[in-house]
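> Take this structure first; my questions come after.
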Amino acid sequence: MENEKLLKEYNCIYYSQIIIIFISTIISILFFYFLINFKIILTLVFLILLILIGLSLKKLNYIARLKEYYISYILCIIFSYSLIRILYTNDFCIQIHIYYISLVIYHFAEYFSVLIYHFNNLTFHSFLIDQSKEWMITTGASFLEFYIENFFFHKYKCNLFFIIIGVVCLIIGHIFRIGALFTGKKNFTHLISYKKKKDHVLVTNGIYSFSRHPSYFGFYLWSMGTEIVTFNPICIIVYLIVLFKFFDDRIKIEEELLIEFFGQEYIDYRNKVPILIPFIKLDENIIKNSLTKHNFNKEIKQNLNEKIHENDDLIDYEE
């Protein structure tokens, strides 16, 4: 009964989101294209979405999802406006709109990966819009630098070479990041798992055959792409330093844990597949210590299983 209720809730949220995304995007594109007053656009789309949201919530009786519907609506408006500006503007300086579209894709991918594979953990925060203070500060700094520099040095900001390089980085970054989300499935989590779950398996296929940390490499490349495409020289340097420090620490922790979880299987995998983020290396002593822990834990489990079987045999014999 509980599973049926959960499935009904999942279907309702999933299809409601798809409808909201589809309707709001199509209507917004049409209105932006025909240059109808922006207030009318917002009002009409907002009214349609309110009807859809009302029907969904009436069925679902789950008012807590309202935030998620509204953020989907806002993201679709941003996507539609940026798309129309890129396709129909006479201004060559379109890179900020490329950034906006890429940002919308990133947030939707994160949300839907949680919705599909970790539904019990689904919240407004699954969009990762407020994932950390550092994220919000660096993203804000990125927009601030672009608009200030674009105001004073407009002709220098519109650099075709950097736009092309940035777009390539954005596309490859999305392929690795989104590929990791939907290849890892339930094995992928946004937080580090310090204990191995029963259903946790080592994923080595698909995008994981090119990088053993494709979500990190994808995010790294995508983040750098946002600053290259907008030609933000200050943020390019800051992002390089901040991202390397973050992933250097995080990947080393995860590598250590993965060796503890999977032992020689993971060591064989890491010997074949690179991380792709440059200059990140794990100390050989840490590898040995983690492998020792794995073997020790494995031996304890085997001994416990043997004792359990011995006790079961003894009980059977006494009976």
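The values are calculated or read from the model by the stated rules, or taken from the named source; none is laboratory data. Small disclaimer: the values here were computed from a predicted structure and weren't measured. Reconstructed Cβ throughout: ideal geometry from the backbone, glycine too, with neighbour counts over all protein chains shown.
> Hey, can you tell me all the residues within segment 167-220 that are surrounded by 14 or more Cβ atoms within 10 Å (Cβ to Cβ), among the polar types (S, T, N, Q) and under 20 Å from Lys272 (Cβ atoms)?
Thr183, Asn187, Thr204, Ser209, Ser211, Ser215
> Follow-up question, since we're still on this one. Could you please find all residues in segment 195-243 being within 15 Å of Ser142 (Cα to Cα) and of a type in the set (S, T, N, Q)?
Ser223, Thr226, Thr230, Asn232
> When only residues in segment 1-18 that are closer than 30 Å to Arg85 by Cα and crowded, with 17+ Cβ neighbours inside 10 Å count, which is modelled with the lowest pLDDT?
Ranking the candidates gives Ser16 first.
> Something else: Could you check, for segment 135-151, whether at least one of its residues is closer than 26 Å to Glu9 by Cβ, of a type in the set (A, V, I, L, M, F, W, C) and either part of a helix (DSSP H, G or I) or touching a helix residue (DSSP H, G or I) at 6+ places or on another chain (Cβ under 8 Å) (or both)?
no
> Quickly run through segment 274-295 and pick out the residues that are touching a Lys or Arg at 6+ places or on another chain (Cβ under 8 Å) and modelled with pLDDT of 75 or more.
Pro274, Ile275, Ile280, Leu282
> Shifting gears a bit: Write out, first by first residue and then by second, each pair whose Cβ atoms fall under 6 Å of each other, whose residues are 6+ apart or on separate chains, and whose first residue, in segment 276-287, is without any contact (Cβ under 8 Å) to a residue 60 or more places away in the chain while the second is part of a helix (DSSP H, G or I) and surrounded by 11 or more Cβ atoms within 10 Å (Cβ to Cβ).
Every condition considered, the pairs that remain are Ile280/Asp248; Ile280/Ile251; Leu282/Lys252; Leu282/Glu255; Ile286/Glu256.
> Return the total of residues in segment 99-124 being touching a Leu at 6+ places or on another chain (Cβ under 6 Å) and not in a helix (DSSP H, G or I).
Count: 1.
> Which condition number in (1) under 28 Å from Phe210 (Cα atoms); (2) in contact with a Ser or Thr (Cβ under 6 Å, 6 or more places away or on another chain) is the one that His174 fails?
(2)
> Counting just the residues of segment 237-266 that are β-branched (Val, Ile, Thr) and crowded, with 18+ Cβ neighbours inside 10 Å, which one comes out modelled with the highest pLDDT?
Of everything passing the filter in segment 237-266, Ile251 is modelled with the highest pLDDT.
> Return the residues of segment 165-207 that are in contact with a Leu (Cβ under 9 Å, 6 or more places away or on another chain), under 20 Å from Gly263 (Cα atoms) and not in a loop (DSSP other than H, G, I, E, B); say none if nothing qualifies.
Asn187
> Kindly list the number of the only condition in (1) at pLDDT below 95; (2) of a type outside the set (Lys, Arg); (3) surrounded by 17 or more Cβ atoms within 10 Å (Cβ to Cβ) that fails for Ser102.
So the condition that Ser102 fails would be (1).
> Do any residues in segment 152-163 that are among the basic types (Lys, Arg) have Cβ atoms under 6 Å from those of residues that are in a loop (DSSP other than H, G, I, E, B) and surrounded by 11 or more Cβ atoms within 10 Å (Cβ to Cβ), where the two are at least six apart or on different chains, and which pairs are they?
Partner pairs satisfying both residue conditions: Lys157/Phe231.
> Report every pair of residues separated by at least 6 positions or lying on different chains whose Cβ atoms are under 6 Å apart, first residue within segment 183-201 and more than 22 Å from Phe246 (Cβ to Cβ) and touching a residue at least 24 places away in the same chain (Cβ under 8 Å), second of a type outside the set (Ser, Thr, Tyr) and exposed (fewer than 15 other Cβ atoms within 10 Å of the Cβ).
Thr183/Gly206
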